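Visitor: Supplied in structure tokens, the structure appears directly below.
Derivation of every value follows stated rules applied to the coordinates shown; laboratory data play no part. This one's a predicted model, so the numbers in the text were calculated from it and none came from an experiment. As a convention, Cβ positions derive from the backbone with ideal geometry for all residues, glycine included, and neighbour counts pool all protein chains shown.
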Amino acid sequence: MLTIKDLHVSVDNKAILKGINLTIKAGEVHAIMGPNGSGKSTLSKVLAGRDGYTITRGTIEFMGQDLTELEPCDRAHAGLFLAFQYPVEIPGVSNVQFLKAAVNAVRKAKGEEEISSVDFLKLVREKMALVDMDQDLIYRSLNDGFSGGEKKRNETLQMLMLEPTLAILDETDSGLDIDALQSVAKGVNSLRSQDRSFLMITHYQRLLNHIEPDFIHVLARGEIIKSGDKSLAQELEAKGYGWLLQEQADECE
Amino acid sequence: MSANNLLEHYKAQRLALAQKPTNADWLTSFTENLAQRVEAYGLPTRQNEAWKYTRLDALAKHEWPAARKQAIAALPSSVAESHKVALVNGMLDEAHSTIADLPTGVTICPLTQHPQCETIKEKVITHYTHNQPKFFKACSLFEIEHSLVISVDANTVCERPLHLHNLLHADETASSHPNVIILLGENAAATVVESFHANEQQHFTNQVVTIAVEKNADLTYIKCANIASQTHCVTSHEVMVARDARFNAHSLTQGAGLVRFEWNVALNEPNAFASINGLFRGLGKGQLDNPILIKHKAANTQSVVNYRGILDDSSIGVFNGKVKVYPDAQNICAQMQNNNLLLSERAEIDTKPVLEIYADDVKCSHGTTVGELDEDALFFLMSRGIDYDTARAMLVDAFAHSIYDTLFDSTIRQWLENDYAN
Ligand SMILES: Nc1ncnc2c1ncn2[C@@H]1O[C@H](COP(=O)(O)OP(=O)(O)OP(=O)(O)O)[C@@H](O)[C@H]1O
Ligand SMILES: [Mg+2]
């Protein structure tokens, strides 16, 4: 589904990603962990197509297409979704209008008819209930004044409405209370299927207790320095990143 | 000004009006005075602070003969449930107006036919004697006797909005002077919507709107122009607000032509209130000029001016706002804000809020911002599958949203957003 080869990315001539290799197959759940500032969000934004990140080397292939050629909206049409670490507040754009525009844009790209208002509202209510989201939030301006947890639930709602093929969740679990974490996990798990994959960026083991990953990768200083199965998360929780960084330094010598 | 500036012809043509014999003494002396003003001031130049950012080049290319009476086929869409009034090239078109069934106490007719013609003339002349008009205003006021008057008697509430259609229709290049006088008596209340609509001919409209809101009266005035590049619209609003009265204006301009909506608001007596919420959206080579002067002449008066500008292509926006607080006008409150969105590298905004304060117990604030579209917001919307053009339009509308939110009447808002602004 997604194949990243030797990806080098820089921002303002500063190298941030330094040779990422990652393959995600259909149905798999991958987790990326790693210290602050190691390049996790950079990777997620490059995948979603944010301007300002220069790919200096390497390739990204998604569903058989060269992803780097596509506009952000075309990536969404192709089935890619990014839940932002810091969702943007947009005063004056109503959440419900935005969601409807997004759903219809994706449907249109697939050659489907626009959804009727009645069906749309029914669907939104159903998905909001799934993530225990306050119904009033849908009529407010997009993320405007939302609490941290409300924003993350809103990201999850968007994912549920758009039903992506690959969902990248950038710290969707950070700053959530226990109930909210469970709601978000419930949303993600409801989408899990054989032909849908997830890439979860997280700092915490507790999310992985709710959504079990098939693979865990450690990203540090712009490189994946270790990959393993879910037991790696427990090891990291216990020991931190220091030993891995040390191991890597030793290897380099 | 160069010799081939055809506005000189316009000036000569207007001055000729002062030579015409009138059958009323008041008019003779009024126009003589105007003629002196026009001669003394001459055409504004960019050395003149109030015209510093306004390019009159487009106006200088034509002679602007006066538009003739014209018949129109139908009115453009109106605010639902409104009383409709049609002015075509400044002349009342009764066939397309629905003013036969106005509520008692509400009168709409040309000045000379108004039952209170004498009092109104008196009021207007006194105002322009104390507030001497300069070039464009004086040129327009030569036709004061042809003004349309909208009056609401004391203690009368006009429930339905009055929709004044200001139609500029000519078969050739023409000018018009659709002057309007709006008077609200004590404790009266009304909502007036006035919209410009022009056909495809070159048209210059030079308008003066004189407004008096008497004691404890309440006027909401929504003024809008959505015009193409061949239309040039210079309008002055002269507003007098009395004790405890409220004046709520909305100044909504957009397009690729020249639109100058000037507001001169005098809060003459204690506890008078005025607000102007403005939105200007420039396209093409549009020039959207917003000179504003709020005069706090009495204690406990309050004003709120809030404008948003959205400038695309190579359009130019000007916000030239001034709050003047007179000596002894204590305990006043004045806010002036102008936020702008530049959508193109060639677009320009000149924004200058000024406070001039001669009293000491005042609460004044002012601020301006100039920004571009938020890249993060654009990316966020696009990452959800929304294409660039739609995402951009959503963000631009969101920026305009807070001004539309000040329109409390939902039927007016619907008409504006669905019928007029598009
Ligand atoms: N626009 C930018 N200009 C300069 N440096 C940037 C820019 N964006 C990111 N960086 C830098 O790139 C590095 C990686 O940032 P990134 O946000 O990808 O980290 P992260 O792994 O997501 O961290 P966290 O766990 O704190 O979210 C950081 O050092 C950051 O300062
Ligand atoms: Mg991050």
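Visitor: Would you kindly state how much longer the chain becomes between B:ARG160 and B:VAL370 on full extension, computed as 0.36 nm times their sequence separation minus their alpha carbon distance, in nm to one decimal?
Guide: Details: separation 210, 0.36 × 210 = 75.60 nm, distance 3.79 nm.
Value of the extension gain: 71.8 nm.
Visitor: I would also like to ask the following. HN-Hα J couplings of segment B:60-72 from phi, Karplus 6.51/-1.76/1.60, θ = phi - 60°, integer Hz, Gly and Pro as x?
Guide: Taking θ as phi minus 60°, the curve returns 6, 8, 9, 8, 6, x, 5, 5, 8, 4, 9, 9, 10 Hz for segment B:60-72.
Visitor: Hey, another quick one. DSSP beta bridges in chain A, what fraction antiparallel, as a percent rounded to 5?
Guide: 60
Visitor: Can you give me the long-range amide H partners of B:ALA198? Hydrogens built in the peptide plane at 1.01 Å from N, cutoff under 5 Å, separation of 5 or more residues or another chain.
Guide: B:LEU168
Visitor: A follow-up question, please. Counting each DSSP H run of 4 or more residues in chain A as -39500 (n - 2.57), what helix-only mean residue ellipticity at 222 nm follows after dividing by all residues, to the nearest 500 deg cm²/dmol?
Guide: Helices in chain A give a 222 nm mean residue ellipticity of -12000 deg cm²/dmol.
Visitor: Using all C-alpha to C-alpha distances in chain A, build P(r) with 5 Å bins and read off the rounded percent in each one.
Guide: Histogram of Cα-Cα distances, whole percents per bin: 1, 6, 13, 17, 19, 17, 13, 8, 4, 1, 1, 0, 0.
Visitor: Taking the Cα atoms of segment A:124-167 alone, what are Rg (to one decimal) and Dmax (as a whole number) in Å?
Guide: 10.2, 30
Visitor: If you count, for each residue, the other Cβ atoms within 10 Å and average over each peptide, how do A:230-240, A:137-147, B:226-236 line up from highest to lowest? Spell out each step's value before the answer.
Guide: Numbers: A:230-240: 14.3, A:137-147: 17.1, B:226-236: 21.3.
Put in order of decreasing packing, that is B:226-236, A:137-147, A:230-240.
Visitor: Now for a different question. Provide the per-residue ³J(HN,Hα) series for segment B:142-157, in order, calculated from phi with Karplus coefficients 6.51, -1.76, 1.60 and θ = phi - 60°, each as a whole number of Hz, with x at glycine and proline positions.
Guide: 3, 9, 4, 5, 8, 4, 8, 10, 10, 10, 10, 5, 3, 6, 10, 10
Visitor: Plugging the Kirkwood radius over Cα pairs into Stokes-Einstein for segment B:125-275, at a temperature of 20 °C and a viscosity of 1.002 mPa s, what D comes out in µm²/s? Numbers along the way, then the final one.
Guide: Numbers: Rh = 15.8 Å.
Taking Rh from Cα pairs, D becomes 136 µm²/s.
Visitor: Then there is this: So how many Å³ per residue does the convex hull of the Cα atoms of the protein assembly as shown work out to?
Guide: Convex hull of Cα atoms, per residue: 202 Å³.
Visitor: Per-residue mean of other chain beta-carbon atoms within 10 angstrom of the beta-carbon, peptide A:97-106?
Guide: Mean inter-chain Cβ contacts per residue within 10 Å come to 4.
Visitor: Continuing with the same structure: Dipole size in debye (nearest 20) for the protein assembly as shown around its Cα centre, Lys and Arg Cβ +1, Asp and Glu Cβ -1?
Guide: 960
Visitor: What distance in nm lies between label points placed 7 Å from Cα along the C-beta direction at B:HIS401 and A:GLU71?
Guide: With each label placed 7 Å out from Cα toward Cβ, I get 2.2 nm.
Visitor: Which links in A:LYS100/A:LYS186; B:LYS52/B:LYS215; A:LYS18/A:LYS151; A:LYS110/A:LYS230 stretch past 29 Å when you go from one Cα to the other?
Guide: B:LYS52/B:LYS215; A:LYS18/A:LYS151; A:LYS110/A:LYS230
Visitor: Build a GNM of chain B with springs between Cα atoms under 10 Å: which of B:VAL106, B:VAL241, B:VAL396 gets the top mean-square fluctuation?
Guide: Checking each option, the largest mean-square fluctuation is seen for B:VAL396.
Visitor: For segment B:168-307, what's the relative contact order in percent, using C-alpha pairs closer than 8 Å and at least 6 residues apart?
Guide: Computed over segment B:168-307, the figure is 20 percent.
Visitor: Further, regarding this structure: In whole Å, what are the extents of segment B:227-316 along the principal axes defined by its C-alpha atoms, from largest to smallest?
Guide: Reported extents, whole Å, longest axis first: 44, 19, 14.
Visitor: Let a ≥ b ≥ c be the square roots of the eigenvalues of the Cα gyration tensor of segment A:114-201; is it rounded (a/c under 1.5), or, if not, prolate (a/b larger than b/c) or oblate?
Guide: Details: a/c = 1.75, a/b = 1.06, b/c = 1.65.
In terms of gyration-tensor shape, oblate.
Visitor: Top mean-square fluctuation among B:ALA86, B:ALA393, B:ALA347, Gaussian network model of chain B, C-alpha springs under 10 Å?
Guide: B:ALA393
Visitor: Right, here's the next one. Please go through the residue pairs B:LYS295/B:LYS363; B:LYS69/B:LYS137; B:LYS297/B:LYS324; B:LYS134/B:LYS223; A:LYS5/A:LYS25 and name each one whose alpha carbons sit more than 18 Å apart in this structure. Present the calculation step by step, with values, prior to reporting the outcome.
Guide: Working: B:LYS295/B:LYS363 14 Å; B:LYS69/B:LYS137 22 Å; B:LYS297/B:LYS324 8 Å; B:LYS134/B:LYS223 22 Å; A:LYS5/A:LYS25 14 Å.
Flagged as over cut-off: B:LYS69/B:LYS137; B:LYS134/B:LYS223.
Visitor: A further question follows. Can you list residues from other chains, or at least 5 along the same chain, whose modelled amide H is less than 5 Å from the amide H of B:TYR221?
Guide: B:VAL192, B:ASN248, B:ALA249, B:HIS250
Visitor: Explain nothing, just the number: relative contact order of chain A, from Cα pairs under 8 Å at least 6 residues apart, as a whole percent.
Guide: Computed over chain A, the figure is 27 percent.
Visitor: Taking R0 as 22 Å, what's the FRET efficiency between B:ALA421 and B:GLU81 from their Cβ-Cβ distance, rounded to 0.05?
Guide: The pair B:ALA421/B:GLU81 has a calculated efficiency of 0.65.
Visitor: Moving on. Quick check on packing: order B:370-376, A:168-174 by the mean number of other C-beta atoms within 10 Å, highest mean leading.
Guide: A:168-174, B:370-376
Visitor: For the ranges B:126-133, B:165-172, B:378-385, what's the packing order if you count other beta-carbon atoms within 10 Å of each residue, average per peptide, and put the highest first?
Guide: In descending order of packing, they fall as B:378-385, B:165-172, B:126-133.
Visitor: In segment B:156-184, whose amide N lies under 15 Å from the spot 7 Å out along Cα-to-Cβ of B:HIS127? List them in ranges.
Guide: In segment B:156-184, the label zone of B:HIS127 (backbone N under 15 Å from the point 7 Å along Cα→Cβ) covers B:178-184.
Visitor: Right, here's the next one. For segment B:249-391, what does the relative contact order come out to in percent, with C-alpha contacts under 8 Å and a separation of six or more?
Guide: 20
Visitor: So, one more: Using 1/(1 + (r/R0)^6) with R0 = 45 angstrom and r between the beta carbons of B:GLU32 and A:ASP119, what's the FRET efficiency to the nearest 0.05?
Guide: Taking R0 as 45 Å, the efficiency between B:GLU32 and A:ASP119 is 0.05.
Visitor: With each pseudo-label sitting 7 Å past Cα toward Cβ, what's the A:GLN234-B:GLU8 distance in nm, one decimal?
Guide: 9.5
Visitor: Expected output is a single nm value to one decimal: the length gained when fully extending between A:ASP6 and A:TYR86, i.e. 0.36 nm times separation in residues minus the C-alpha distance. What is it?
Guide: Once the chain is fully extended between A:ASP6 and A:TYR86, it gains 26.1 nm.
Visitor: Next question, about the same structure. Less than 13 Å apart at the alpha-carbon level, and either on another chain or at least 8 residues along: which aspartates and glutamates does that give for A:LYS127?
Guide: Within the straight-line limit of under 13 Å, A:LYS127 reaches these aspartates and glutamates: A:ASP119, A:GLU155, A:GLU163.
Visitor: Can you give me the long-range amide H partners of A:ILE224? Hydrogens built in the peptide plane at 1.01 Å from N, cutoff under 5 Å, separation of 5 or more residues or another chain.
Guide: Under 5 Å from the amide H of A:ILE224: A:ASN21.
Visitor: Taking the Cα-to-Cβ direction at B:PHE408 and at A:ALA15 and moving 7 Å from each Cα, how far apart do the two end points lie in nm?
Guide: My value for the distance between the label points is 6.4 nm.
Visitor: How shielded is A:81-93 by partner chains, expressed as the average number of their Cβ atoms within 10 Å of its Cβ atoms?
Guide: Working: counts 3, 4, 1, 4, 0, 2, 2, 9, 4, 9, 5, 11, 10.
That works out to 5 on average.
Visitor: What's the center-to-center distance, using Cα atoms, between segment A:121-172 and segment B:41-76 in Å?
Guide: Value for the Cα centre distance between the two parts: 52 Å.
Visitor: Bin width 10 Å, alpha-carbon pairs only: give the P(r) of segment B:335-395 as whole percents, running from 0 to the bin holding the largest distance.
Guide: Result, from short to long distances: 18, 32, 24, 16, 8, 2 percent.
Visitor: What does the convex hull of the Cα atoms come to per residue for chain B, in Å³?
Guide: 143
Visitor: If you don't mind, another one. For A:SER147 and B:ASN48, what is the calculated FRET efficiency with R₀ set at 45 Å and r taken between the beta-carbons, to the nearest 0.05?
Guide: 0.30
Visitor: Across peptide B:391-401, what mean number of C-beta atoms from other chains lies inside 10 Å of a residue's C-beta?
Guide: Mean number of neighbouring Cβ atoms from other chains: 4.
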